[in-house]
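The values are calculated or read from the model by the stated rules, or taken from the named source; none is laboratory data. Keep in mind the model is a prediction, meaning the values are calculated, not measured. No Cβ is skipped: glycine too gets one built from the backbone with ideal geometry, and neighbour counts run over all protein chains shown. Each accessible area value is taken on the protein alone, full model and side chains, heavy atoms only, with ligands, DNA and RNA left out. Shrake-Rupley method; radii C 1.70, N 1.55, O 1.52, S 1.80 Å.
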Amino acid sequence: MKFKTIEWKGNRVRMLDQRRLPQGVCYLDCRGASAVAQAIRTMAIRGAPAIGVAAAMGIALAARKTLSHQPESFVKTLEKVCDEMRQTRPTAVNLFWAVDRMKKIVDQVYTHGVDETRKRLVKEALDILKEDIEINRKIGGYGKRLIKNGDGVLTHCNAGALATGGYGTALGVIYAAWAVGKRFRVFADETRPQLQGARLTAWELLQEKIPVTVITDNMAGWLMTKGEINLVLVGADRIARNGDTANKIGTYSLAVLSKWHDVPFYVAAPTSTLDLTLSSGLAIPIEERKTKEVTHFRGFPVAPKGVKALNPAFDVTPHSLIHAIITEKGLIRKPFQKNLRKMFATPNSIPVRQTGKLRTRHCKGA
Ligand code: MRU
């Protein structure tokens, strides 16, 4: 890729400030864990795998910077930082997965001393970044065969290099197919209210010289009736063990449209996005963001002053609307629950947090 989403710089974490794209390519240097947490909250960095990497680097930074030489107080400080990271954004499970990975290192190594723990935490954060890029490339490798020459591929939000350590999940599939010489059209939903599709997906595809057409979110159905879309590829923030998938708000509507028009709907995600502790998508926590993101755009009002608004940042697509999940271990097809269990040899002891079914009965053929 021609840019780096996030980089470890020893005494700081550098990230491409995604709030400024596409107008400016600006880098944000975070010199402490709280600055990293703030960057996640304010979406200077966003996308499920990317915020996992950022949280891990934030914890490593805290370990490097804390003055404490006593293992007990060092551990206490890091536990606080882990909590701070966990409270940034609730939906993407990759963040919690990365924090747990870092916490495990603290628990395993702190008896070997503060300096050793610092070293191991930095290594773990860098491993998470490196592994994420490798995983994305594998997802691309498995997914590329789904795209044929001449296809129209629609994506929603940004599940690209900007949303990951690099390369991307849904866009990783597009990059991999393009790299082997396939030629097809890419459509990017603009993705209200934050416009990740128009601002970020379009920007990064153009950086890689892949032509892309931006559409507003309400155009997808019409394009499908005209046969312009042959498949939909999206990323994910959390996948329950029955395959229900949380992703950017608007993904569910797109999945319903895809079902109606017989357009295959694929989710591309690393296995770190799976939350096998959840029996269904009903239990996935959905982030509610400030309504100002809906009523205003970059400070400019687009709705009457004082009007009520809603701003759920994600929705849940029921598994029945998903064709397959593309992971670094291969394609997972239906029945998801059975095939996920096979893939992970899931013990029956995994706690069930919630049972239930998402409504799908209004969907043709669901
Ligand atoms: O609110 P965002 O921009 O963090 O939402 C991002 C998405 O919904 C992505 O599709 C998802 O995180 C997958 S990124 C590979």
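At-a-glance table
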read-out	value
Label-to-label distance, nm, for residues given as ASN218 and HIS112 (7 Å Cα→Cβ offset)	5.8
Residues whose placed amide H lies under 5 Å from that of GLY166, excluding near-sequence neighbours	none
3J(HN,Hα) from dihedral phi, segment 287-297, Karplus parametrisation 6.51/-1.76/1.60, rounded to Hz, x for glycine, proline	5, 10, 9, 4, 5, 4, 5, 8, 7, 10, 10
15 Å Cα cut-off, lysine pairs counted over segment 32-139 (separation 8 or more, or different chains)	12
Tail beyond 31 Å, pair distance distribution of the chain (Cα, percent)	33
Candidates THR164, THR216, THR91, ranked by Gaussian network fluctuation over the chain, Cα under 10 Å, top entry	THR216
Anisotropy class of segment 128-188 from Cα gyration tensor, a/c 1.5 cut	oblate
Volume per residue that the Cα convex hull of segment 175-325 spans, once the total is divided by residue count, Å³	133
Straight-distance crosslink candidates among lysines, where the alpha carbon sits under 18 Å from LYS290 and sequence neighbours closer than 8 are dropped	LYS248, LYS305, LYS308
Of all accessible heavy-atom area on segment 41-155, the percent that carbon and sulfur account for (1.4 Å)	52
Cα→Cβ-extended label distance, 7 Å offset, between MET343 and ALA179, nm	2.0
17 Å Cα-Cα reach of LYS338 towards aspartates and glutamates, excluding residues that sit fewer than 8 places from it in its own chain	ASP244, ASP275
Label-point separation in nm, LYS123 to LYS305, each point 7 Å along Cα→Cβ	5.9
Amide H partners (placed H, <5 Å) of ASN247, local residues excluded	ASP237, ASP315, THR317
Size of electric dipole in the chain: Cβ of Lys, Arg +1 and of Asp, Glu -1, about Cα centre, debye, nearest 20	340
HN-Hα J in Hz across segment 6-21 - Karplus 6.51, -1.76, 1.60, θ = phi - 60°, x for Gly and Pro	8, 9, 8, 10, x, 9, 7, 10, 9, 10, 6, 6, 6, 5, 8, 6
Alpha-carbon centroid distance for the pair segment 274-315 / segment 38-99, whole angstrom	23
Within a Gaussian network of the chain (alpha carbon springs, distance under 10 Å), most fluctuating of ALA303, ALA246, ALA198	ALA303
Mean accessible surface per residue for the chain, computed with a 1.4 Å probe while every protein chain stays in place, in Å²	44
Whole-number percent relative contact order across the chain, with pairs defined as alpha carbons under 8 Å at least 6 apart	15
FRET efficiency, 1/(1 + (r/R0)^6) with R0 22 Å, evaluated for GLU288 and GLN23 via beta carbons	0.20
Karplus-derived 3J(HN,Hα), 6.51/-1.76/1.60, for each residue of segment 269-281, Hz, glycine and proline x	7, x, 5, 5, 8, 7, 10, 6, 7, 9, 6, 8, x
